[in-house]
Structure formats: C-alpha cells, structure tokens
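Trainee: Below is a structure I'd like to ask you about.
The values are calculated or read from the model by the stated rules, or taken from the named source; none is laboratory data. This one's a predicted model, so the numbers in the text were calculated from it and none came from an experiment. Heads up, the Cβs are rebuilt from the backbone with ideal geometry, glycines too, and the neighbour counts pull from every protein chain shown.
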Amino acid sequence: MPLSIIILAAGQGTRMRSGMPKVLHGLGGRPLLAHVIETARTLDSTDIHVVIGHGAEQVQSAFQDPDIHWVVQEQQLGTGHAVAQVMPAIADDHNVLVMYGDVPLVSAATLEPLCVTAEQGFVGLLTAELEDPTGYGRILHHADGSISGIVEEKDASVTQRAIAEINTGFMAAPAGRLRHWVGALDNDNAQGEFYLTDVIARAVTNGVSVRGISAVNLEEVLGINDRAQLAMQERCYQQRQATRCMRDGVTLIDPARFDLRGHLTTGEDVVVDVNVVLEGEVTLGDRVTIGPNVMLRDTRIGNDVSILANCVIEDADIGNGSRIGPFARLRPEVRLADNTRVGNFVEIKKSDIGSGSKINHLSYIGDATLGRDVNIGAGTITCNYDGAYKHRTMIGDKVFIGSNTQLVAPVEVQDGATIGAGSVITRDAPANELTLSRAPQQTRTGWKRPVKKSGG
C-alpha cells in the first residue's frame, strides 16, 4: 500500500527561548526539520505532509520544496488535531506514518517495522524504556502484554507514572482507520487538547491490535525541547558522523573533536586532526592531511595535499600535491593547480593560481590569475579595488615578484618578468625584464631624532 508521511512541526518551542521556530534550529549545520524530511524520503513514501503553525511562513520559506505538502495548523490544539488537518489529503487505501519535526536522529531502519505493521492492517507504535520517563506518556498493557493505551503524564496516576516504557509519538496505521479514530477524538483531559495518543485506546476498542516496537537506540527517539537537549543531540549526531568516517577509512586523531556539518567524500588514507569543522560539500582525495583547527566549506581537495593548522578555506579547488598554511585563508572562487604552495597569513580571493606557484608569506592575492611557477614575495598585495570597481591582475608564467610589492590592477606582468622588491606597479611589466619603482634612498646628515620635553 502507498505510504503517506505526516511530520508534526507546528509547535512554538517556548523552552528554546527563541524567536525562531524550534524546527529551524540547527543540528549538524542543517535545520532539525531537514533531517526528519531526509529520513522520510528514504522510506519510499508517496507523499510527505508537514504540519506547521508557529512561524509557518518562516519554516516554509526555509525549504521551498515543491515536493512537500505544507499544512497550516492555525490553532495548536494538540497532536490529534494536527493530524486531522492532513487527513483530508490522504486516501483511505494509504498507510500513514506520523513523525516529529523536533526528533532529528530517528532512522529509517527504526521506522520501517512500524510501516510493516500498518501494511498488515494493525497499528504500529514506537516505544522506548527510559531510566527517567518524566514528561513522557506511559504505555499501558493488558494482562497478556498487548498495548491497551497511553496515558499522558499530566493525566497519569502515581502508579502509572512509575512505568518506564514511554510513547515516542511515532505511529503508523492504515489511513482509513486513522481517519475515523482521529475524527472521534475529544479534548477531555488536563490540557484541553486532542491527543493523538488517544487513538490507541480507540484502536483497541475496535479490536485492532496495537503492536509496540521498542527503539534500540534511545538517542533516535529523544525530542529536542531546549538548548541543552539540542547540544546533546548535536554530540550524538557528530559521534555518528565520526564513526561513519572512520569506517570509511578516515583517521580521526580525536573523534570527539570533529564536526561534520554537511557531506564529506573521502579517498584513501585521509588523516584529520582535532577541532576540524567541515561544512557543506567537502571532497578530500587520497592521502590528504588536515591539521588542527581547520575550517573547510564547500571545498574540493585533490590527492597528497596538506592543509596545515588554523586555515579557513571556502569554495576552493585545490590541486594535487599542494600545501596550504598554516594560518591561510582561501575565500570563495579560488582555484589552485597542482603543487602550489600557500603559506602563513596569506589570503587569496577569486583567483586562479597556476601549477608550481608559491605564495608563502603575508600576502593578499585578490581577483588575479597567476601562471605556472610564479613566486610571490612576502607582503605582496594585488590592489584590486578602486573604491567603485574590482579589477584583475594578470601574472604570466615564471614571474618573480619581490617582497612588499603592490600591483595596482588592472595590470599585467608578462612571462618571465621580475618585479623588484618594494615596487608599486601601475603599468604592465614586459616579459623577461626587471621592472621596479623606488624612490631614491637618502641619508640626511645631521638629522636629530625629536626628544620629548620634560613635563610635556
């Protein structure tokens, strides 16, 4: 039977103490809801419905996904009421899986047995056993062990509150039956809300078996209600990511100090030191080493590359055999060919650097094209901005740029040229010639250094 998925994401999340909807808070560099939607898609569903309420426009605009059916719950009257808003859009011959936008780590493997149970015509309910079940609805059983119902903590007796088995909220059922049960819900409870959990009692009354499926990994089913829980789930998520990377052959010097906030593709024999942050789409080739305290975002790195400590690299392509850092910054649209060298306190932006070229110290290269085997001396600056427009600097093959040089763009330094140290270059420099611009050195005999007057 076709599977329809309902994701409940309408809550305000007051305990987050934030003006942003709870489901938009980040985990692993993406909104909580993005993780849930991703898992939903892996379940081979025919349609995904997301119920939104607080900050509905903000949530919807954050995704702009034409495949998602957004349903606004104008009044947040409980989980049963939220599901009822979606049911008119779901056919009776479908099965329905209910998920939650603030439970980002649940896996498809954990949810699949629920869907199988619904396929069999029953109700599947995901449960878990907690040492401290405070705040959760408790699972009630018949004498034969079958589930008889769920009682919310605020409505539970002292004996019922001692039950360790809790309701995670995840449920699967045939759509036709679920539509009937949800339509018959009432709000005669302490909160005055329509609880989806009351569906269980109605299923039992109708003689439909409710089959509990116990979650193996508790972190998968824990919701996020405050920033402390968000931080805990972030650590769980990063631990998962680190484990996956190591199983793929990556050496992590300390897995507890590794953050992947996107997608990582790696070759063989990659080594990553501590406090490395990877964001967006990152590709590391074979035998890449990443030093400590490095940030990589949307970057592609070839084979046999070394990224030394404290580098920040964004939207860059780095060729094979290159060496970057320490303390280098590569800004967006940087392309380094094979065997390039970028050293300490060098910043490069929107530039193409040819193979074998070296920029080793304290330089800024912006809006530039460098040929092969170029040597850039310490303190060199491409002056690319005139206050209104950006201009490009063109440097040919085998050019030597002396230290403390300013290249005022637009300007071209042709193949084999040498630029004398301390020059300010405002016109094109011819090939294979020495070009320099220096004021004559002077010594003023008899000059005395100023002396500060006493009391002054």
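Trainee: Determine, yes or no, whether THR405 is closer than 24 Å to GLU314 by Cβ, of a type in the set (S, T, N, Q) and modelled with pLDDT of 95 or more.
Mentor: Working: closer than 24 Å to GLU314 by Cβ: no; of a type in the set (S, T, N, Q): yes; modelled with pLDDT of 95 or more: yes.
So THR405 fails the test.
Trainee: Step by step: first the residues of segment 264-284, then only those that are over 17 Å from GLY325 (Cβ atoms) and surrounded by fewer than 17 Cβ atoms within 10 Å (Cβ to Cβ), then the one that is nearest to the chain's Cα centre (by Cα). Which residue is that?
Mentor: GLY280
Trainee: Considering (1) within 16 Å of ALA203 (Cα to Cα); (2) in contact (Cβ under 8 Å) with a residue 60 or more places away in the chain; (3) in contact with a strand residue (DSSP E or B) (Cβ under 6 Å, 6 or more places away or on another chain), say which one GLY149 fails and leave the rest.
Mentor: Checking GLY149 against (1) within 16 Å of ALA203 (Cα to Cα); (2) in contact (Cβ under 8 Å) with a residue 60 or more places away in the chain; (3) in contact with a strand residue (DSSP E or B) (Cβ under 6 Å, 6 or more places away or on another chain), the one that fails is (2).
Trainee: What number of residues in segment 36-78 are surrounded by fewer than 18 Cβ atoms within 10 Å (Cβ to Cβ), in contact (Cβ under 8 Å) with a residue 60 or more places away in the chain and under 19 Å from the mean Cα position of the chain (by Cα)?
Mentor: So the count comes out to 1.
Trainee: Return the total of residues in segment 375-389 being at pLDDT below 95 and not in a loop (DSSP other than H, G, I, E, B).
Mentor: Count: 1.
So that you can scan it fast, the table gives a plain yes or no per residue for (1) buried (at least 19 other Cβ atoms within 10 Å of the Cβ); (2) acidic (Asp, Glu):
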site	(1), (2)
LEU222	yes, no
ASP226	no, yes
ALA231	no, no
ARG240	no, no
GLY262	no, no
ASP286	no, yes
VAL305	yes, no
ASP315	no, yes
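Trainee: Based on what the data block shows, is VAL106 surrounded by 15 or more Cβ atoms within 10 Å (Cβ to Cβ), part of a loop (DSSP other than H, G, I, E, B) and of a type outside the set (Phe, Trp, Tyr)?
Mentor: Numbers: surrounded by 15 or more Cβ atoms within 10 Å (Cβ to Cβ): yes; part of a loop (DSSP other than H, G, I, E, B): yes; of a type outside the set (Phe, Trp, Tyr): yes.
So VAL106 passes the test.
Trainee: Going residue by residue through segment 61-68, is there one that turns out to be among the β-branched types (Val, Ile, Thr) and part of a loop (DSSP other than H, G, I, E, B)?
Mentor: If we filter segment 61-68 for residues that are among the β-branched types (Val, Ile, Thr), which is where we start, we get 68.
From what's left, part of a loop (DSSP other than H, G, I, E, B): none.
Among the residues of segment 61-68, not one is among the β-branched types (Val, Ile, Thr) and part of a loop (DSSP other than H, G, I, E, B), which makes the answer no.
Trainee: Could you give me the residue pairs with C-beta distances under 6 Å whose first residue belongs to segment 434-452 and is in contact (Cβ under 8 Å) with a residue 12 or more places away in the chain, whose second residue is surrounded by 10 or more Cβ atoms within 10 Å (Cβ to Cβ) and assigned to a loop (DSSP other than H, G, I, E, B) wherever it lies, and which are 6+ apart or on separate chains?
Mentor: Once the first residue is in contact (Cβ under 8 Å) with a residue 12 or more places away in the chain and sits in segment 434-452, its partners that are surrounded by 10 or more Cβ atoms within 10 Å (Cβ to Cβ) and assigned to a loop (DSSP other than H, G, I, E, B) give LEU436/GLY420; LEU436/SER423; SER437/SER423; ARG438/GLY422.
Trainee: Here's another thing I want to ask about it. Looking only at residues in segment 1-21 that are of a type in the set (Ser, Thr, Tyr) and not in a helix (DSSP H, G or I), which one is surrounded by the fewest Cβ atoms within 10 Å (Cβ to Cβ)?
Mentor: Narrowing segment 1-21 to residues of a type in the set (Ser, Thr, Tyr): 4, 14, 18.
Those still in the list that are not in a helix (DSSP H, G or I) too: 4, 18.
Numbers: SER4: 23, SER18: 14.
Across segment 1-21, the extreme among qualifying residues is SER18.
For (1) within 21 Å of LEU8 (Cα to Cα); (2) in a loop (DSSP other than H, G, I, E, B); (3) of a type outside the set (Ser, Thr, Tyr), each residue gets a yes or a no:
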| site | (1), (2), (3) |
| --- | --- |
| VAL216 | no, yes, yes |
| GLU219 | yes, no, yes |
| ASN225 | yes, yes, yes |
| GLN233 | yes, no, yes |
| ARG244 | no, no, yes |
| THR265 | no, no, no |
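Trainee: Right, here's the next one. Given the condition within 44 Å of the chain's Cα centre (by Cα), more than 18 Å from ARG341 (Cα to Cα) and either of a type in the set (A, V, I, L, M) or buried (at least 16 other Cβ atoms within 10 Å of the Cβ) (or both), answer yes or no: does some residue in segment 420-428 qualify?
Mentor: Yes, segment 420-428 contains a residue that is within 44 Å of the chain's Cα centre (by Cα), more than 18 Å from ARG341 (Cα to Cα) and either of a type in the set (A, V, I, L, M) or buried (at least 16 other Cβ atoms within 10 Å of the Cβ) (or both).
Trainee: Taking segment 147-174, which residues are surrounded by fewer than 20 Cβ atoms within 10 Å (Cβ to Cβ) and in contact with a helix residue (DSSP H, G or I) (Cβ under 8 Å, 6 or more places away or on another chain)?
Mentor: Residues satisfying the conditions are SER148, GLU153, ARG161.
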